[in-house]
Amino acid sequence: MLVLAVFFSVSCSSSRIMQRIRSGEVRMDISVPDEKPLDDGMENEVSIDSIRSDLSDGPIIMNAIRDSETGEMVATDIINASTVVARFRNVAERAGYVTISFDVTVPSEMSSSDWQLKLYPFMRIQEDSVALEPLYITGQWYRKEQLRGYERYREFLSSIISDTTDLVRIGQLEIFLQRHYPETYAMKNDSTLIPDPVARNVFGVTQADALRHYSRHLRIRVNEWRKSRTGIMYSRYVKDPIATEGIRLDTVLTASDGDFIYRYTHTFRSRPGLKKVMVNLKGEIYEAGECLQSLPLSDDLTFYISSLSTLADYTPKYRMVVLERNVYDNTKALIDFAKDSHVIDTSLADNASELSRIVRCIGDVVSRQEYVLDSLIVKASCSPEGTFAHNSRLAAARSESIRNYIWEYIPEEWRDSVRTSHMPENWEQLRILVANDTLLEQDARNKIMNLTEDLSRPDDVERKLSSMAEYRYLREKVYPQLRSVSFDFHLHRAGMQKDTVHTTELDTVYMAGLEALRNLDYKMAVEKLRPYRDYNSALAYMSADYNHSALDVLAGLDDKDAKVCYMKAIILSRLGAEDEAMKYYRLSLAYDPYLEYRANLDPELSGLVNKSINN
């Protein structure tokens, strides 16, 4: 009767607690931690015990948390401390990362020995919901049942026969072999009597039949059946596996006379434009491996994020530009012609693509209304084959052909500015190509360069080249590159009277650096802003944690600028020069008192200021 009374008492008590949980009277919560240190004399009111599984393949349950900087699991005590239940906190982004901390509080009424609480914190960051590592709070009896499930599963696994000799009546098989196959039986004690290849063939069909005859067929079938049910039996015995990965904490409570409080710290990569994140907590109560009750959401925590990039000066930066009235541009095309012909054939070589490119180039120039065409010089050149006089006439004819081809793509008002010129033989280009040709021997290159130094009699030079062993290579590989057409555009800026004008234009490189700073891409910001050595370049260095480089830039700036002094204070604080940091911090306040409020957002200074006040 006493046992029955105790059972009903416990049952009614659990029922009342569950009803209070469902009504919201008893609920888990999260809060911003109190920054004041805990009283050293405060005693722990929750007793924690770490349980190590005896299973060789089982998990290890630790009363520990993961250090946010080293990633190591470190021991922790869960204490019942009074907390200031704040719903928001200012946190700082540094080097592209943000660290938030909050306390998870579970009232003692939820700490039943039969229960496991699975708590799932999550973070709402801009449009996304990001799940954080869960917390498991496990009752002592619940954990014992989990471990008992593993033990029962291990007992099942041990019932599966792994030694195949247990599946054969060995004694009777040995008698059979001793009588009928003495050579094979002799290998039992000395395998050297018969070589391996022979031994593998000794049995033959008869011995294999003997092996099957003396096998324990029923035991084999039962053993195979057990093997096939390992997954089923695992699910039956281990109803709630102990998680070992992807969780922040799985702790076993051995007493329930105090609230459970856990300091949760999470570091994440910040995002451009991120101003705040919301943290919330949901959970479930499990009993005997089944979800007993879903817990309502806790109240939101809000973390307002401050970034050093908000200190940037986003004033547009301009650079001085000198504009020349006259503008020159040119391009070249390799147009192939039939021998001794000036007729354009688009089917030859790459003529079609080259001519299309030239037409596009002309279109680009025509579309730029700020320019007026003074002249377009079309100049064709030939290779040294044939006489100089013949090549001169041929080059002039080819220039005319090209001009006629592009005529329809030139605006009517510009056509009078299109002129032709020609270069009979392009010896200058020949010398450049030969000097850089790696297929020609050095001696051959030297000889060609010597022959082409004096071009007063070009036909004689050509005859001497034709006598060289390398002449065929020159004709097939080098000469075709000399038959080119150049297009020289001479323009001036419309409406501009002076030869030069000094003006300003937006410095796109600098503004790209500021945009990278705004987007928290500090590596790119440093790359773009480094050459300027100004306030923003120092801020880029500081944001990327290049503190000495930032301090070097700031040393060349005006100490009467409030933000310059403020940034120096932050950097000096990082470098451990606290007295110097405080000097520059006070100096910044003298120039701009508002920075006192900003200091609350920057941990380098807020901690320093609090330390100064306490001292």
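The values are calculated or read from the model by the stated rules, or taken from the named source; none is laboratory data. Bear in mind that the values here come from a model prediction, so they are computed numbers and not experimental data. Please note: Cβ atoms are built from the backbone with ideal geometry, for glycine as well, and neighbour counts cover all protein chains shown.
A few points about this structure:
- Scanning segment 528-543 finds one or more residues that are exposed (fewer than 13 other Cβ atoms within 10 Å of the Cβ) and farther than 25 Å from Leu394 by Cβ.
- For Leu557: the one exception among (1) in a helix (DSSP H, G or I); (2) surrounded by 15 or more Cβ atoms within 10 Å (Cβ to Cβ); (3) not small (Gly, Ala, Ser): (1)
- Sole exception among (1) assigned to a helix (DSSP H, G or I); (2) surrounded by fewer than 13 Cβ atoms within 10 Å (Cβ to Cβ) for Ser401, by number: (2)
- For segment 587-597, the criterion of being of a type in the set (Phe, Trp, Tyr) and not in a helix (DSSP H, G or I) is met by at least one residue.
- Helices (runs of 4 or more DSSP H) contained entirely in segment 85-202, each with at least 3 residues that are at negative phi, modelled with pLDDT of 90 or more and not polar (S, T, N, Q): 140-158
- Residue, surrounded by the fewest Cβ atoms within 10 Å (Cβ to Cβ), within segment 517-527, restricted to residues that are touching a residue at least 24 places away in the same chain (Cβ under 8 Å) and in contact with a helix residue (DSSP H, G or I) (Cβ under 8 Å, 6 or more places away or on another chain): Arg518
- Verdict on Val343 being aliphatic (A, V, I, L, M) and either under 16 Å from Leu482 (Cβ atoms) or in a helix (DSSP H, G or I) (or both): no
- For segment 355-398, the tally of residues that are in contact with a strand residue (DSSP E or B) (Cβ under 8 Å, 6 or more places away or on another chain), buried (at least 18 other Cβ atoms within 10 Å of the Cβ) and closer than 22 Å to Leu474 by Cβ stands at 5.
- Within segment 406-436, being among the acidic types (Asp, Glu) and modelled with pLDDT under 90 holds for Glu408, Glu412, Glu413, Asp416.
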